[in-house]
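So the structure is just underneath, and the comments pick up after that.
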Amino acid sequence: MSRSSPRGALRLPTACALSALLALLPAAAAPVAQAGTAGAAHVVGATEVPWHERGQLVLGAADALDALNALPEDSPATVSWGEGGSRTGWFGQAWTDVDGDGCDTRNEILARDLTDTDFSREDGVQDAAAGRGQGAAVCPDATVWSGTLHDPYTGATVHFRRGQDTSDAVQIDHVVPLNYLYAHGAWAWEERKRLLVANDPLNLLAVDGRANQDKSNCGPATCPAGSTETGTWTTATGPGWWPPDSGYRCEYARRFVSVAAAYELGLPDADAAALRTVLADCAAGGDGALSVGARIRSVGGRVTCTLADNRAYALLCAVGALLLGTGLMVRGHSLLRATAGRAHRGRTRRSRRRP
């Protein structure tokens, strides 16, 4: 999640109260197989390809619909993933070189998704051959030092430069988030399978950092939230997340289902229904766009999901809601008194006019 400033924290009660109001709006009508030493997961109906090319194995809309209908039932986790060590405990160290080619997953995805990519510390844009041996330890022959991202989620152009203060501008998103995977079945998978899905090019996209933070751990209609420790753990609370750029909605739904099919992941009914609606529209030639009402509920609901894990924020939300309610009551009382006063003055004037 993105860092919040003190000023942002002060706005949380109002935002939480707003999300509660928005929630009242009416609603709108394969196990992993080993391939060499690295292993690879299979997408339904897809021909095996080298590991680094798996990002191409996105099902078409009609095939994704069939795959969605063939998924197993949801297998919700009974405890939050923090009980097993969260990201590292369940899915291993971030960006593991699972295919053994000497380069970590993050740099491989950056190299795939960025344009004007510079692989060298030297001046000017150098290709991978020129940058050989000049990279960081995690990818000595193909470290991405800079490039341009045409963000699929927002449609924005983002300039990337590797560095402690700049790298977060472009982040690598798990299309099916790791906490979501854990919550709906990965808690019971073998360690190798979890490691693979966390580094699978099919499940990874370079995206705008702010969009990735906004998405958090959500699926299309639900998000896992809370913790076992606080007694707030739930695997599926609304309303989920879709890319802001509606032009990417079909691609996103197809890729989400492709990953779920590859790893035989069960989905909550709400997510399956949302994906089915979008994919059906895409298969018919539409863009799968959500209604305006659904988008409003999504924004408000994500505020609730974001704050659910934090007791301090929850307290701020409660205080904010109380203050908002008190303010509305005081305002209403003042209006009633003003109305009554005007009525009384009117009766007084009329009585004085009588002979």
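The values are calculated or read from the model by the stated rules, or taken from the named source; none is laboratory data. As the structure is a computational prediction, the values presented were derived from the model and not from experiment. With ideal geometry, Cβ positions are generated from the backbone for all residues, glycine too; neighbour counts draw on all protein chains shown.
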Original post:
So which residues in the range 45-74 are among the aliphatic types (A, V, I, L, M) and more than 19 Å from residue 286 (Cα to Cα)?
Top reply: 46, 49, 57, 67, 70, 71
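Count, please, the residues in the range 102-134 that happen to be within 30 Å of residue 192 (Cβ to Cβ), surrounded by 14 or more Cβ atoms within 10 Å (Cβ to Cβ) and at pLDDT 95 or above. Break it down stepwise before answering.
Taking the range 102-134 first, the residues within 30 Å of residue 192 (Cβ to Cβ) are 102-114, 128.
Applying the additional criterion that residues be surrounded by 14 or more Cβ atoms within 10 Å (Cβ to Cβ) yields 103-114, 128.
Narrowing further to those that are at pLDDT 95 or above: 103-114.
Residues that pass the stated criteria total 12.
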Original post:
How do the pairs read when you match residues in the range 129-147 that are farther than 17 Å from residue 171 by Cα with residues anywhere that are of a type in the set (Ser, Thr, Tyr) and buried (at least 22 other Cβ atoms within 10 Å of the Cβ), using Cβ under 8 Å and keeping only pairs 6 or more apart or on different chains?
Top reply: 131/143; 134/143; 135/143; 136/143
**OP:** Being of a type in the set (A, V, I, L, M) and in a strand (DSSP E or B) is the filter here, so list the residues in the range 156-170 that pass it.
**Re:** 158, 170
**OP:** Test each condition in (1) part of a loop (DSSP other than H, G, I, E, B); (2) within 21 Å of the chain's Cα centre (by Cα); (3) closer than 30 Å to residue 79 by Cα for residue 153 and report the one that comes out false.
**Re:** (3)
Original post:
For residue 197, are the conditions met, namely being at pLDDT 95 or above, aliphatic (A, V, I, L, M), under 15 Å from residue 261 (Cα atoms) and in a loop (DSSP other than H, G, I, E, B)?
Top reply: no
Subject >> Count of residues meeting criterion [of a type in the set (Phe, Trp, Tyr), in a loop (DSSP other than H, G, I, E, B) and under 16 Å from residue 272 (Cα atoms)] in the range 210-254 >> reply: 2
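Residue under question is residue 137, and the condition is that it be of a type outside the set (Phe, Trp, Tyr) and either under 22 Å from residue 241 (Cβ atoms) or touching a Ser or Thr at 6+ places or on another chain (Cβ under 7 Å) (or both); does it hold? If you could, list the steps in order and put the result at the bottom.
Working: of a type outside the set (Phe, Trp, Tyr): yes; either under 22 Å from residue 241 (Cβ atoms) or touching a Ser or Thr at 6+ places or on another chain (Cβ under 7 Å) (or both): no.
It is false that residue 137 is of a type outside the set (Phe, Trp, Tyr) and either under 22 Å from residue 241 (Cβ atoms) or touching a Ser or Thr at 6+ places or on another chain (Cβ under 7 Å) (or both).
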Original post:
Are any residues in the range 176-192 crowded, with 20+ Cβ neighbours inside 10 Å and not aromatic (Phe, Trp, Tyr), and if so, which ones?
Top reply: 176, 177, 178, 179, 181, 183, 184, 185, 186
**OP:** Residue by residue through the range 68-105, note down the ones that are closer than 26 Å to residue 136 by Cα and touching a Ser or Thr at 6+ places or on another chain (Cβ under 9 Å).
**Re:** 94, 95, 96, 97, 98, 99, 100, 103, 104, 105
**OP:** Any residue in the range 63-87 that's in a helix (DSSP H, G or I): show its pairings with residues that are exposed (fewer than 15 other Cβ atoms within 10 Å of the Cβ) at Cβ separation under 6 Å, as long as the two are six or more apart or on different chains.
**Re:** 83/228
Original post:
at pLDDT 95 or above and either out of contact with any Asp or Glu (no Cβ under 8 Å at 6 or more places or on another chain) or over 22 Å from residue 156 (Cα atoms) (or both): does that describe residue 254?
Top reply: yes
